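Trainee: The structure under discussion is supplied below as structure tokens; questions concerning it will follow.
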Amino acid sequence: MDFSDPITAALIGASATVLTALVQLRYSWRRELKDRERGQPITKKTRRGPFMAVFVLMIAAAAGGFFLSQYVISLRYEDRDTLRAELQTQLAMISDSATRLEEARLSEREEVEASVLRVEAMRRGEEGAAASVVVGPCKLDGIAAPGPKSACGEQSAARVAVCARVPAAASVKEVQLYTRFEDSQQPWADSRVPAGQDTGQAKFVDKHFERPDGDASKQVCHGFVNWSGEKARLARILVRYSF
């Protein structure tokens, strides 16, 4: 056991006092017994010896009690310090666990949100991004050229680009092309045409092309030309993409 310096000194003093008192008490008893054997009278001085020894023993007992109380107090202090250290360790472990749990929860939330965004982006890619424009009748020198005998032709008609916006990281899977007269009620599903095919003085060019549109998106475009001098046309594209 490790004792503090005051407690060690008290222990040594109490032990020495007890030992001295016991020796003196034994010496007084032996002397008294010898005096009785000889028939000598017992004086006050002789009787005083045991009382002094008992008094010394009481002092030693008090010192021992003090030492014991100090020892118990030191044990309580040690227990308190040990308990405090254990509580601090437990609190640190709980705090660390709570921090890891919060980080795991945030990471899981980010993963779920990213997964939802990916699923939503894939769904939009399957549905496709659509765009349409109205292309008016062909004009020569700013004047409409009505009638079938118009000199307006495919080469002289203005070309327009029908563009749909998609994410910059998207890969184009398919570009569906549709066209019909502006005043037509024909469903778009029945108005689909292949690229490069003449659909009545109007057609889409052979291939689509891409062009940047900011950091997060790009445009997928398909050229369209209408050389009819009588009616305007609607040109529509549907771009399906993936990641």
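The values are calculated or read from the model by the stated rules, or taken from the named source; none is laboratory data. In this text, all values refer to a predicted model and were calculated from it rather than measured experimentally. Don't worry about glycine lacking a Cβ; one is built from the backbone with ideal geometry, like all the others, and counts go over all protein chains shown. Side chains are part of the model used for accessible areas, which takes the heavy atoms of the whole protein and leaves out ligands, DNA and RNA. Shrake-Rupley method; radii C 1.70, N 1.55, O 1.52, S 1.80 Å.
Trainee: Of K34, K218, K139, which has the most accessible area and how do the rest follow, probe 1.4 Å?
Mentor: I get K139, K34, K218, largest accessible area first.
Trainee: What does the accessible area of E154 come to, in Å² to the nearest 10, when a probe of 1.4 Å is used?
Mentor: Taking all protein chains as shown, E154 has close to 50 Å².
Trainee: Hey, another quick one. With a ≥ b ≥ c the root eigenvalues of the C-alpha gyration tensor of the range 77-118, is it rounded (a/c under 1.5), prolate (a/b larger than b/c) or oblate?
Mentor: The shape class here is prolate.
Trainee: Starting from the 7 Å offset along Cα-to-Cβ, what nm value, one decimal, do you get for the label separation of S97 and R159?
Mentor: Here the answer is 7.0 nm between the modelled labels.
Trainee: Something else: Leaving out ligands, DNA and RNA but keeping every protein chain, what accessible area does I94 have, in Å² rounded to the nearest 10, with a 1.4 Å probe?
Mentor: Surface accessible to solvent at I94 totals approximately 110 Å².
Trainee: Which order do F181, F243, F224 take when ranked by solvent-accessible area (1.4 Å probe, heavy atoms of all protein chains), largest first?
Mentor: Ranked list, largest accessible area first: F243, F181, F224.
Trainee: Assuming 0.36 nm per residue, please report the length gained on full extension of the stretch V133 to A169 beyond their Cα-Cα distance.
Mentor: Details: separation 36, 0.36 × 36 = 12.96 nm, distance 2.52 nm.
Additional length available on full extension: 10.4 nm.
Trainee: If you don't mind, there's one more thing I want to ask. Got a sec? What order do Y241, Y77 fall in by accessible area at 1.4 Å, biggest, i.e. largest, first?
Mentor: So, going from the largest accessible area down, we get Y77, Y241.
Trainee: Which value, in Å² rounded to 10, gives the accessible area of S242 with a 1.4 Å probe and all protein chains present?
Mentor: 40 Å²
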